[in-house]
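Worksheet: one structure, shown below.
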Amino acid sequence: MQTATLADRQAKAVRAAQLHSSFEHLPLTLTATVINSLLVGFVEASVVPWAIIAAWIGLVMVLSALRVGLWYAHRRVAVGISPKVGWATLATIGTLLSGVLWGCTPLLFAPSDQAHLLFLAFVLAGMSAGAATVHAAHFPSVVAFIVPAIAPLAATFFVLGGRLQIVSGVMTVIFGISLCVASTRFGKWFRATTKAQLSLAARTEELDQTNMRLTAEISSHRSTQAKFLQAQKLEAIGRLTAGIAHDFNNLLMAISGAGGLIAMKSGGEEAYAPYLATIMQSIERGTTLTRRLLAFGRQQALTPRTADINGVLSGLQDLLLATLAGYGRLDFQPSASRVTAFVDVNQLEQAVLNLVINARDAMPDGGLVTIRTANVELSGNEAGAEGLFGRFALVAVSDTGAGMPEDVRQRAFDPFFTTKGVGEGSGLGLSQVYGLVQQSGGATKIDSEPGKGTTVSIYLPAGEKDTYSEPANLRSVPGPRADVRYAGCHIVLVDDDDEVRTTLAAMLDAAGYVVMSFRSPLRALEELRSQRPVHLVIADFAMPELRGDELAAQARRLRRGIPVVFVTGYAEPSRLRLEPWVLEKPFKASALLEIIEHAIADAEALTSKV
């Protein structure tokens, strides 16, 4: 069916081209017709009455004028590939009437001598040859002129009856037939050539469209490849920073523990107090830094829940206004409908605060910061959110600041990359936002142009759950139990970092616990296989021989119900989400002792029930 339709369209296009070719040369043809009619009238005026000549020339003029009008109308009307039949009919009628006017000249003028008859024969032959040439592509127009123009002349020769006249009549008929045959052959060539041109044009158009699609696909592929390489780079940097943060947390843990022990041993002497305070403040700053690195590396511990985004940001407005500190105005545009997302609210608040701080710094002369929320439906093709499908909550923070050039925009999420002056920024604000959103299963996009401000859009998974149960390892530890003390309990401590292990052992020893410290988790398992009492296991998560969760699984098989406290430099939500006791390094001795008390107490309570 499609092939038949294409062939039909091509046939119509060929007919339109034939008709167009006939009309295209009509002005020249009519000009020649008028001039020839005047010349014929001038020659025949010597033997034919002027009234007849004037009437004939008048008819030629009127018909020529009508055909000029037809040509003009055809030129202005868009015929296209499906011309109306009326145009071909009118064109054929025009040539037919012209042929009749010229064909009747031998009858009207009734030449009295042989010379005038031969003159008319010469004129009619020339006019027929011209018609065959001009209308060759449109065969009906050729026949419509030649037959009525040649037939009366041939009949006149035959009526005269002389040998010369009969031969002339035969030659006239042969000449007319030859012109028609030649026109037919030319028409076939014209149709074949036109079909070839149409096919070539269609093929060229198809190739152009294919080339455009290929160019668009290449451009899209390059864009996708660039984004993939950027994602790979950020993924690699994220893994690197998470590893660095883990090792740095171990260092901070050792320093923090040693500082706490010094504070305890010094007995609160005022001479050491300023130095200990400096140590603890530096540890806090280092802890904040590692948390930002872990956020970028998507290794921070999150407490996601279904949250009303409009409500969260509304409650944050006072803090955001204080952050702007007069350097800009805040325009909060919450969605008219309820916007919910499955996200860690505290981390989201920190992310929005970071974005507002960046917006403020981009507007040294003041400006407007706009926070907009919306429910969006993503189909996986959105720029900056490729691969995301379904309902998402959008939080967009815009400013009217200086904007970013493209090279800066491409590196905006890189950790430690900043355009601020020395000491004015850590370069981790946007990195932390990126890490939070990626770890939450969303996407982040930056739209910015120099002089036109910046918009940072974050897409968070829609909060479709009605309730949420926090993972056990992220539960808040209950308040301290002053009436419970487990001095003398035996604790197996496993950590492959010597400084951290020594510090933790010293903390536990100072609290009155009996500590069995191991660098190797396999050695710790040997201790658990023995008959010596063990009340609790403290294990690092990332260790070369066995991970902390693998050690805990084997320990529980050896000692049913034994509590395990995990101390880790970075979070592993997928592996530790069901563990009840998790501490993130660095932590204070009080936090460790408190969680130990609760873990042992819960284990004893469970044992007593059994």
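Couple of notes before you dig in:
- Being among the aliphatic types (A, V, I, L, M), in a helix (DSSP H, G or I) and without any contact (Cβ under 8 Å) to a residue 12 or more places away in the chain is a property that does not hold for residue 68.
- Residue that is surrounded by the fewest Cβ atoms within 10 Å (Cβ to Cβ), among those in the stretch 323-354 that are in a loop (DSSP other than H, G, I, E, B) and of a type in the set (Ser, Thr, Tyr): 337
Quick grid of which residues meet (1) of a type outside the set (A, V, I, L, M); (2) more than 60 Å from the chain's Cα centre (by Cα); (3) over 22 Å from residue 181 (Cβ atoms):
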| position | (1), (2), (3) |
| --- | --- |
| 62 | no, yes, yes |
| 87 | yes, no, yes |
| 96 | no, yes, no |
| 114 | yes, yes, yes |
| 132 | no, no, no |
| 142 | no, no, no |
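- Residue check, residue 532 modelled with pLDDT of 90 or more, out of contact with any helix residue (DSSP H, G or I) (no Cβ under 7 Å at 6 or more places or on another chain) and among the basic types (Lys, Arg): no
- The lone exception for residue 489 - which of (1) more than 24 Å from residue 605 (Cβ to Cβ); (2) touching a strand residue (DSSP E or B) at 6+ places or on another chain (Cβ under 8 Å); (3) surrounded by fewer than 22 Cβ atoms within 10 Å (Cβ to Cβ) it fails: (1)
- Just one of the listed residues (353, 330, 320) is hydrophobic (A, V, I, L, M, F, W, C) and over 22 Å from residue 435 (Cβ atoms), namely 330.
- All of (1) closer than 15 Å to residue 596 by Cβ; (2) without any contact (Cβ under 8 Å) to a residue 60 or more places away in the chain; (3) surrounded by 15 or more Cβ atoms within 10 Å (Cβ to Cβ) hold for residue 547 with one exception: (1).
- Inspection of the stretch 206-226 identifies at least one residue that is of a type in the set (Ser, Thr, Tyr) and either in the same structural domain as residue 145 (by TED's automatic domain parsing) or modelled with pLDDT of 80 or more (or both).
- Where a residue in the stretch 188-205 is in contact (Cβ under 8 Å) with a residue 12 or more places away in the chain and under 13 Å from residue 17 (Cα atoms) and its partner, wherever it lies, is assigned to a helix (DSSP H, G or I) and aliphatic (A, V, I, L, M), with Cβ under 7 Å and at least six apart: 191/14; 194/14; 194/17; 195/14; 198/13
- Within the stretch 390-402, residues that are within 19 Å of residue 334 (Cα to Cα) and assigned by TED's automatic domain parsing to the domain that holds residue 312 have Cβ atoms under 9 Å from residues that are part of a loop (DSSP other than H, G, I, E, B) and of a type in the set (Asp, Glu) in these pairs: 391/464, counting only partners at least 6 apart in sequence or on another chain.
- Lone unmet requirement of (1) of a type outside the set (Val, Ile, Thr); (2) at pLDDT 70 or above; (3) outside any loop (DSSP other than H, G, I, E, B) for residue 473: (2)
- Qualifying residue in the stretch 515-533 (condition: in contact (Cβ under 8 Å) with a residue 60 or more places away in the chain, buried (at least 19 other Cβ atoms within 10 Å of the Cβ) and part of a helix (DSSP H, G or I)): no
- Selection count where residues are of a type in the set (A, V, I, L, M, F, W, C) and either within 19 Å of the chain's Cα centre (by Cα) or more than 19 Å from residue 309 (Cβ to Cβ) (or both), scope the stretch 429-459: 5
The values are calculated or read from the model by the stated rules, or taken from the named source; none is laboratory data. What you see is a predicted model, and the numbers here were worked out from it, not measured in a lab. Don't worry about glycine lacking a Cβ; one is built from the backbone with ideal geometry, like all the others, and counts go over all protein chains shown.
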